[in-house]
Amino acid sequence: MHEIVYQRFLARDFNLDVLEREGDFVRTGSLTERATGRRVDITGFIPRFSPDAYCESFAFQWSRFRNLQHDSVSSKDLTLRRLKDNTRWDLAALKGRSVLECGCGPGRFTEILADTGAEVLALDMSQAIDVNLDNLGARENVLLLQADLFDLPFLAGRFDYVFCYGVLQHTPDPAKTFGFLADCLAPGGRISVDVYRKFGGPSPWGFPKYFWRPLTKHLRHATLLKILEWYIPRYIDLDTRIRSIPGHGERLCGMIPIPCWNYLHNGYTRKERIQHAIMDTFDALSPAYDLPQTPASVGTWFRGHDELHGVDIFYGSNGVVANATRRA
């Protein structure tokens, strides 16, 4: 934790006790909440507000696939394009502004948000937050927290931008989680969230996953990964041929109960497609919660917050995207 971002985000609510520094970064220490006396340990540069809870699968996943999705590693711009096309934010305008990223994982978006010059508070409940630090390195404009958003009331009304992609469906109550995100917006602030799409018909991203999840979410993570590492390299070529059938391929794959997140149009080599298929199929089958939504259900979340206006809901890169602004 850098003392500059401590002053920006936490100083009015917490006292900082430093035990070990590395330059201007606090390696170990503690935060004590002034109002309650609650103590939060800082270890490995990261304040630890909460344990893993129900997010152990993500800690396991990102320890194995540490930076596979990062633009800086892949030399592609898939994450940048998803961020720009779905938030519809002018990234140049983020410089010097405050950004909350909820469910940051290993930091594929964190590195892009940080590079804009924004002051970024990125949080994750799981130990994937440590992978984020390994990937990003310590930066003076980024504060990483291991935390549950429900346990951070002091963040209310503090952020110019709130960003949460690929997370809400993995919480026990997506609507309630969204409410906490909306509360974090400052007047005039902008929010962008996405959530898995609930399909009404056959889709390779729907039925195969939900057919197996009652079993796979209870498997040991290492066991599930071994199963995927065995069958996906053997199955992916057949899956590719089926998906490539003009007009019917995706629907046919959606009726076959063999989950395989096979990305044909991202410019990956076969070897890269296998790695991404293993990672994202694990991501689909392992989480404790997976609660997809329709645009209508997401709309009810926004209508429950009168302070939000300019609501824009559409199908985006990874499901249902919703953007809005808080009234000034």
(message) Of all residues being acidic (Asp, Glu) and in contact (Cβ under 8 Å) with a residue 12 or more places away in the chain in region 67-113, which is surrounded by the fewest Cβ atoms within 10 Å (Cβ to Cβ)? Just the residue, please.
(response) Asp85
(message) For region 283-292, check the following and say yes or no: at least one residue is under 21 Å from the mean Cα position of the chain (by Cα), in a helix (DSSP H, G or I), touching a residue at least 40 places away in the same chain (Cβ under 8 Å) and under 30 Å from Trp89 (Cβ atoms).
(response) yes
(message) If I ask for residues that are on the phi < 0 side of the Ramachandran plot and either hydroxyl-bearing (Ser, Thr, Tyr) or touching a residue at least 12 places away in the same chain (Cβ under 8 Å) (or both), which ones from region 20-30 would you list?
(response) Glu22, Asp24, Phe25, Val26, Arg27, Thr28, Ser30
(request) Can you tell me which residue within region 132-143, out of those that are surrounded by fewer than 24 Cβ atoms within 10 Å (Cβ to Cβ) and of a type in the set (A, V, I, L, M), is nearest to Glu101 (Cα to Cα)? (result) Leu143
(request) Read through the list (1) aromatic (Phe, Trp, Tyr); (2) under 20 Å from Ala114 (Cβ atoms); (3) part of a helix (DSSP H, G or I), then give the number of the only condition that Phe163 fails. (result) (3)
(request) Test Arg213 against the stated conditions and say whether it is among the charged types (D, E, K, R), assigned to a helix (DSSP H, G or I) and free of Cβ contacts under 8 Å to residues at least 24 places away in the same chain. (result) no
(request) Residue by residue through region 160-212, note down the ones that are buried (at least 24 other Cβ atoms within 10 Å of the Cβ) and among the acidic types (Asp, Glu). (result) Asp194
(request) Name, by its number, the condition in (1) within 26 Å of Pro106 (Cα to Cα); (2) not in a loop (DSSP other than H, G, I, E, B) that does not hold for Pro172. (result) (2)
(request) May I ask you to list pairs of residues, at least six apart or on different chains, whose Cβ atoms are under 6 Å apart, with the first in region 264-282 being closer than 12 Å to Ser74 by Cα and the second being among the aromatic types (Phe, Trp, Tyr) and surrounded by fewer than 20 Cβ atoms within 10 Å (Cβ to Cβ)? (result) His276/Tyr263
(request) Find the residue count for region 289-306, including only residues that are surrounded by 14 or more Cβ atoms within 10 Å (Cβ to Cβ), over 30 Å from His218 (Cβ atoms) and out of contact with any Phe, Trp or Tyr (no Cβ under 9 Å at 6 or more places or on another chain). (result) 1
(message) I'd like the residue in region 293-321 that is small (Gly, Ala, Ser) and over 19 Å from the mean Cα position of the chain (by Cα) and, out of all such residues, is farthest from Phe58 (Cα to Cα).
(response) Gly310
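A short reminder: the numbers here are calculations on the coordinates, not readings from a lab. Remember, predicted model here, so these are calculated numbers, not experimental data. Cβ: placed from backbone, ideal geometry, glycine included. Neighbour counts: every protein chain shown.
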